[in-house]
Amino acid sequence: MSEFAFEPIHGLPENLPPGEALRWQGAPHWRVLARRAFYVRSVAFYFGVLIVLRVVFLLVGGAPAPTVILSALWLATLGLLATGILTLLAMLYSRSTVYSITDYRVVIRFGVALPMAVNIPFKIVESAGLRTYPDGSGDIPLVLSKGQNVSYLIMWPNVRPWQFTNAQPMLRSIPEAAKVADILAEALRSATAEMAAEAEAVTEQAVDADREDSAPASEPSLEPSAAKAGGQ
């Protein structure tokens with residue numbers, strides 16, 4: 001049974017703590033994922049070229065028509081099988097993946113056979129990019145601060161392509177990517193401003209404490225107190 005069979009919130013492994021709200025949630029579109037991550041069109045084109053070359057080769061060699069047709073059909077069957085498997089994988093990855101943006105983090109839940117979730121707090125995100133396509137879909141890679149790493153192999157395809165070292169987790173093939181990027185940017189700005197305010201408050205408290213520690217202790221007065229003076 002999946003560890004996410006009873007998610008308290010869809011796409012999240014546990015309830016959000018008090019004061020943290022969910023700003024956006026979505027998933028990769030399977031058609032876009034099939035084109036951009038599984039290269040279904042490239043595979044189909046590859047088999048199309050093979051079929052044309054095979055037919056031309058057989059015709060030039062004087063092969064009979066039935067042989068040419070059977071050879072072409074065999075390659076076409078292989079091509080359909082390959083593209084069908086890749087398309088099915090894209091659909092499965094799309095259904096099992098959920099991207100969540102909260103006030104303080106990005107959560108990527110993924111995995112077909114073994115679901116898992118990766119929490120990416122905003123405090124370890126240096127920057128976020130955006131790449132859009134003509135249909136409005138796009139990718140949002142996250143650049144993590146130095147020393148923060150994710151596994152390219154484990155998180156694929158939810159990582160920036162070909163970025164093997166210092167892998168960048170990515171919201172991939174999401175519809176209306178520009179709107180999602182605006183939501184993420186606003187969440188990052190709010191969280192950054194809040195963290196800066198907290199850091200400034202801590203710094204001020206530390207400075208005040210240092211001032212108190214470095215202040216000279218008051219020396220005892222040799223003059224009689226008011227009470228003693230009045231009693232004389």
(request) Compute the length gained on full extension between Ile9 and Gln163: take 0.36 nm times their separation in residues and subtract their Cα-Cα distance, giving the result in nm to one decimal. (result) 52.3 nm
(request) Please report, in whole Å, how far the alpha carbons of segment 1-158 spread along each principal axis, starting with the longest. (result) 76, 35, 30
(request) Determine, from the Cβ-Cβ distance of Tyr46 and Arg131 and an R0 of 22 Å, the FRET efficiency 1/(1 + (r/R0)^6), rounded to the nearest 0.05. (result) 0.35
(message) Check which residues have an amide H placed less than 5 Å from Arg160's amide H, if you skip close sequence neighbours.
(response) Gln168, Met170
(message) Please compute the modelled spin-label separation between Lys146 and Glu198, points set 7 Å along Cα→Cβ, answer in nm with one decimal.
(response) 2.4 nm
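Bear in mind that the values in this text are calculations on the coordinates, not laboratory data. For clarity, every value in this text was computed on a predicted model and none was experimentally measured. With ideal geometry, Cβ positions are generated from the backbone for all residues, glycine too; neighbour counts draw on all protein chains shown.
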